[in-house]
Amino acid sequence: MEHFFDLPVSYQEEELTFRGRLVTFGYAYKFYVIIEGQELVFEKDDEMNYRAINAAEHSKTISSELIEAVIESLQKIKE
């Protein structure tokens, strides 16, 4: 099942909005977020923190600081 949403992200003193979707797999879920025209997949790791599982594929075009800002915004969704 998929649910689409807009994710507000604070990055370098700017407010950005990225399109995303939540995909559920039974009891598990992943966030797919489109950043600079590329879809990154975020999921929780064993310590229950979000991580981008395909960030290495996009590391030359998307800054790690922006990925961290997206992760911070995903953490806020749960609060």
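Looking at region 30-51, can you tell me whether even one residue there is of a type in the set (Ser, Thr, Tyr), over 20 Å from Glu14 (Cβ atoms) and surrounded by 13 or more Cβ atoms within 10 Å (Cβ to Cβ)? Yes, region 30-51 contains a residue that is of a type in the set (Ser, Thr, Tyr), over 20 Å from Glu14 (Cβ atoms) and surrounded by 13 or more Cβ atoms within 10 Å (Cβ to Cβ).
Table: residues versus (1) farther than 15 Å from Glu68 by Cβ; (2) modelled with pLDDT of 90 or more; (3) among the acidic types (Asp, Glu).
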position: Lys30; (1), (2), (3): yes, yes, no
position: Ile35; (1), (2), (3): no, yes, no
position: Glu39; (1), (2), (3): yes, yes, yes
position: Arg51; (1), (2), (3): no, yes, no
position: Ala55; (1), (2), (3): no, no, no
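Selection of strands (runs of 3 or more DSSP E) fully inside the chain by the criterion of at least 1 residues being in contact with a helix residue (DSSP H, G or I) (Cβ under 9 Å, 6 or more places away or on another chain) and in contact (Cβ under 8 Å) with a residue 60 or more places away in the chain returns 2-11.
The values are calculated or read from the model by the stated rules, or taken from the named source; none is laboratory data. As the structure is a computational prediction, the values presented were derived from the model and not from experiment. Don't worry about glycine lacking a Cβ; one is built from the backbone with ideal geometry, like all the others, and counts go over all protein chains shown.
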